[in-house]
Every structure is written in structure tokens, then in C-alpha cells.
1. Within the stretch 77-89, how many residues turn out to be among the hydroxyl-bearing types (Ser, Thr, Tyr), part of a loop (DSSP other than H, G, I, E, B) and exposed (fewer than 11 other Cβ atoms within 10 Å of the Cβ)?
2. Out of (1) surrounded by 12 or more Cβ atoms within 10 Å (Cβ to Cβ); (2) modelled with pLDDT under 80, the odd one out for PHE141 is which?
3. Against the conditions (1) more than 26 Å from PHE91 (Cα to Cα); (2) surrounded by 11 or more Cβ atoms within 10 Å (Cβ to Cβ); (3) modelled with pLDDT of 70 or more, where does GLU55 fall short? Just the number, please.
4. Out of PHE91, PHE34, PHE13, PHE60, I need the residue that is modelled with pLDDT under 80 and within 29 Å of ASP116 (Cα to Cα). Which one?
5. Please indicate, with yes or no, whether at least one residue in the stretch 90-113 is assigned to a loop (DSSP other than H, G, I, E, B), at positive phi and not basic (Lys, Arg).
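The values are calculated or read from the model by the stated rules, or taken from the named source; none is laboratory data. Please read these numbers as outputs of a predicted model, since none were measured by experiment. Cβ placement follows ideal geometry from the backbone for every residue including glycine, while neighbour counts extend to all protein chains displayed.
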Amino acid sequence: MKTDRAVDGIFGFGQHELSVISQLYSLGVSPKTFSHCLKGSDNGGGILVLGEIVEPGLVFTPLVPSQPHYNLILESIAVSGQKLPIDTSLFATSNTQGTIVDSGTTLVYLVDGAYDPFISAIAAAVSPSVRSVVSKGTQCFITSGRFSSFSF
């Protein structure tokens, strides 16, 4: 079946012993390390590296240790280079909340105190030709073209 989605399926990155990363490690194929860069070119992209990257000047986000998921400490959100006025305590990590990186989730979920400023900033940043609608309680932006440049 052909699909119009850029990526289909789930690749097990979890910390559980059945994840692809853990299985490759147990077989001695790769260190128990991976890197996943989400930013790509205008044609999509990004990068997935199994094992360690030895690259001078590499910038990375450390994960919060001793958490069941890939938690990180989110310090702020910026749209079009402007930091949004969001109370950073909303991003605190605990057993019941925090920021989780999950490659198997197609949507980004934000708590109410972060969601409203984020949606307002996106609405202000997109072209006037982009139509803003709410569908099933979710804010959507409809366009007939491509975004040539859009940075978060």
C-alpha cells in the first residue's frame, strides 16, 4: 500500500530490553546509544545514528536520568526567534509530568499554560494565506502550498 506520509511505522527506541537499541546492544552490534536529530532540509530529513557520534562542536540535549521515558528539561519555547512567556515550572519533570521525547508520537502535546501562548505565536507567524481552524478541539492551520521556511 502506498502512502503519502513521509514516515510510517514505529522504530523501538524505548529503554526497555525489547527495544531495537537494547537488542542491538545485547548482540554486541552497537553501543547502547543513539542520536536522533529532527531537523532536516526543505525536503525533510534529519538523522538517526546508532552508536556514539564523535564530532567536534556537537550540541546535544541531555536526558533526565532515572526516568522510565526519555525525559528532558525543557527550558523555553521560541517561535520565529521570540521566546514565549511561559512559566518554566510547567515543564518540571516528575513521575507524572515533564517533557518526553517520543519518536512514535505524531503530535506534540502541551499543557494549557504553554499551549495557548504557543498557538497564538504560531498563528501570528504563519502567512495570512494560511487558514486557522479548530477541528475536534485541536487547532489546525490549513495551507495549499509548502512552507519554504518555518523555524521553531
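1. 0
2. (2)
3. Condition not satisfied by GLU55: (2).
4. PHE60
5. We begin by selecting, within the stretch 90-113, every residue assigned to a loop (DSSP other than H, G, I, E, B); these are 92-98, 101-111.
When the remaining residues are screened for being at positive phi, the result is 98.
Retained after the next criterion (residues that are not basic (Lys, Arg)): 98.
For the stretch 90-113, residues assigned to a loop (DSSP other than H, G, I, E, B), at positive phi and not basic (Lys, Arg): present.
To keep it simple, each residue is scored yes or no on (1) at pLDDT below 85; (2) over 30 Å from PHE13 (Cα atoms).
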{"residue": "GLY98", "(1), (2)": "yes, no"}
{"residue": "VAL108", "(1), (2)": "yes, no"}
{"residue": "ASP112", "(1), (2)": "yes, no"}
{"residue": "TYR115", "(1), (2)": "no, no"}
{"residue": "ILE119", "(1), (2)": "no, no"}
{"residue": "ALA123", "(1), (2)": "no, yes"}
{"residue": "SER127", "(1), (2)": "yes, yes"}
{"residue": "ARG131", "(1), (2)": "yes, yes"}
